[in-house]
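Participant: The structure that follows is given in the form of structure tokens.
Rule-based calculations on the coordinates, nothing more; no lab input. Computed from a predicted structure; not experimentally measured. Reconstructed Cβ throughout: ideal geometry from the backbone, glycine too, with neighbour counts over all protein chains shown.
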Amino acid sequence: MVPTRANGQPAFGLYVKDPNAAVLHATGLLVLTLAEDKISAMTGFDTGVLPLFGLPRTLPGGIM
């Protein structure tokens, strides 16, 4: 998970490790909606929105 923000809310780029290569592949974006100190909703987006948040579709596998 790579932290970012979406409309002022915490969000995370989601990545999974490729079992055959030293790379992580994006699977989407998860945005948390907060109400006081609790998560009131989670909204998932596909990888098409990642460039809007400056997130790459792949990351080097050695960073995790």
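Participant: Gain in length, Phe53 to Asn20, computed as 0.36 nm per residue apart minus the alpha-carbon separation, to one decimal in nm?
Facilitator: Full extension of this stretch gives 9.2 nm more.
Participant: A further question follows. Using a cut-off of 15 Å between beta-carbons, work out the net charge of the residues near Leu32 (Lys and Arg +1, Asp and Glu -1, Leu32 not included).
Facilitator: Charge balance near Leu32 sits at 0.
Participant: Rank the residues Val2, Val49, Val16 as a footprinting-exposure proxy: fewest other Cβ atoms within 10 Å of their Cβ go first.
Facilitator: In increasing order of surrounding Cβ atoms, one gets Val16, Val49, Val2.
Participant: Mind sorting out which of (i) -0.73, -0.97, -1.21; (ii) -0.69, -1.11, -1.31; (iii) -0.64, -0.95, -1.25 is the real log10 I(q)/I(0) by the Debye sum over Cα atoms at q = 0.18, 0.24, 0.30 Å⁻¹ computed from the coordinates?
Facilitator: The calculated read-out lines up with (iii).
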